[in-house]
């Protein structure tokens, strides 16, 4: 009877060791994978932040060009108004013939609306929908791209943090698995192994749900 108990106990110890080895081996591999994913998402975050910065700089440049165009065209239109009030038809024709776009396109429509007699007419050509500075539109689009890239960078940062937390979780599993082999009591060994496997399975479920970079 004693010999049989010794054989059974030896077999049980072998099973515990096998379970612990499998847990440690698989967890080590998955821990490396989560570290790799955290690094990849960190790189993606840096790229998105860089793209957001580039788009913001482009938006600022385009907005500066648009503001310069608006300033020049406002000055030309003000000169035209002054010449019109002074009755200088030659100067008004000279200025209107040299209006740059988009003032050149909006100005005839504004005149056709009879702004001096029509109370519903736009106050200036700049208030018409036809007056659109392309650089201003492009600047708004670049600003929108910058906002999108910034939000994407924040998401990538959070995903990297999630994988870092998973790496810590799997390291904890490794700790439980290694500690189980240090326990003298079989019951304590199994208790730490169960804790390790529960932590491993929970972390794996989260790992499957998280987005991944390849």
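To make sure I understand, if each residue's beta carbon is the centre and we count other beta carbons within 10 Å, what order do 111, 193 fall in, fewest to most?
Starting with the residue having the fewest Cβ neighbours, the order is 111, 193.
Which angle between 0 and 90 degrees, to the nearest 10, do you get for helix 186-209 versus the longest principal axis of the chain when only C-alpha atoms count?
With rounding to tens, the tilt is 20 degrees.
Give me the extension gain from residue 104 to residue 39: residue separation times 0.36 nm, minus the current Cα-Cα distance, reported in nm with one decimal.
On the way: separation 65, 0.36 × 65 = 23.40 nm, distance 5.41 nm.
Separation in residues times 0.36 nm, less the Cα-Cα distance, equals 18.0 nm.
Take residue 113 and residue 185, extend 7 Å from each Cα along the Cα→Cβ direction, and tell me the distance between the two endpoints in nm.
My value for the distance between the label points is 8.8 nm.
Which shape class, rounded, prolate or oblate, goes with region 71-141 when its Cα gyration tensor gives a ≥ b ≥ c as root eigenvalues, a/c under 1.5 marks rounded, and past that a/b bigger than b/c marks prolate?
Oblate shape, in that a/c is at least 1.5 and b/c is the bigger or equal ratio.
Apply 1/(1 + (r/R0)^6) to the Cβ-Cβ distance of residue 144 and residue 68, taking R0 = 22 Å, and write down the FRET efficiency to the nearest 0.05.
E between residue 144 and residue 68, to the nearest 0.05, is 0.50.
Kindly put 84, 131 in sequence by how many other C-beta atoms sit within 10 Å of each C-beta, fewest to most.
Fewest-to-most ranking of 84, 131: 84, 131.
How do 103, 154 rank when sorted from fewest to most other Cβ atoms within 10 Å of their own Cβ?
Numbers: 103 25, 154 14.
The order, fewest Cβ neighbours first, is 154, 103.
Using the Kirkwood radius built from alpha carbon pairs, what does the Stokes-Einstein equation give as D for region 83-214 at 37 °C and 0.692 mPa s, in µm² per second?
Details: Rh = 21.8 Å.
Rounded to a whole number, D works out at 151 µm²/s.
Nearest 10 degrees, 0 to 90: what angle lies between the long axis of helix 2-85 and the longest principal axis of the chain (Cα atoms)?
10
Please identify which residues in region 168-189 have an amide N closer than 18 Å to a label point set 7 Å out from the Cα of residue 213, following the Cα→Cβ vector.
It comes to 168, nothing else.
For residue 120 and residue 93 in the same chain, what is the full-extension length gain: residue separation times 0.36 nm, less their Cα-Cα distance, in nm?
7.2 nm
Stretch residue 26-residue 155 to full length: gain in nm at 0.36 nm per residue minus the Cα-Cα span?
43.6 nm
Treating the angle as unsigned and between 0 and 90°, give the value, to the nearest 10°, between the Cα long axis of helix 134-180 and the longest Cα principal axis of the chain.
The helix 134-180 is inclined about 10 degrees to the chain.
Here, each number is a calculation from the coordinates, and none is a lab measurement. Model, not experiment: these values are computed from the prediction. All Cβ positions, even for glycine, are placed from backbone atoms using ideal geometry, and neighbour counts span all protein chains on display.
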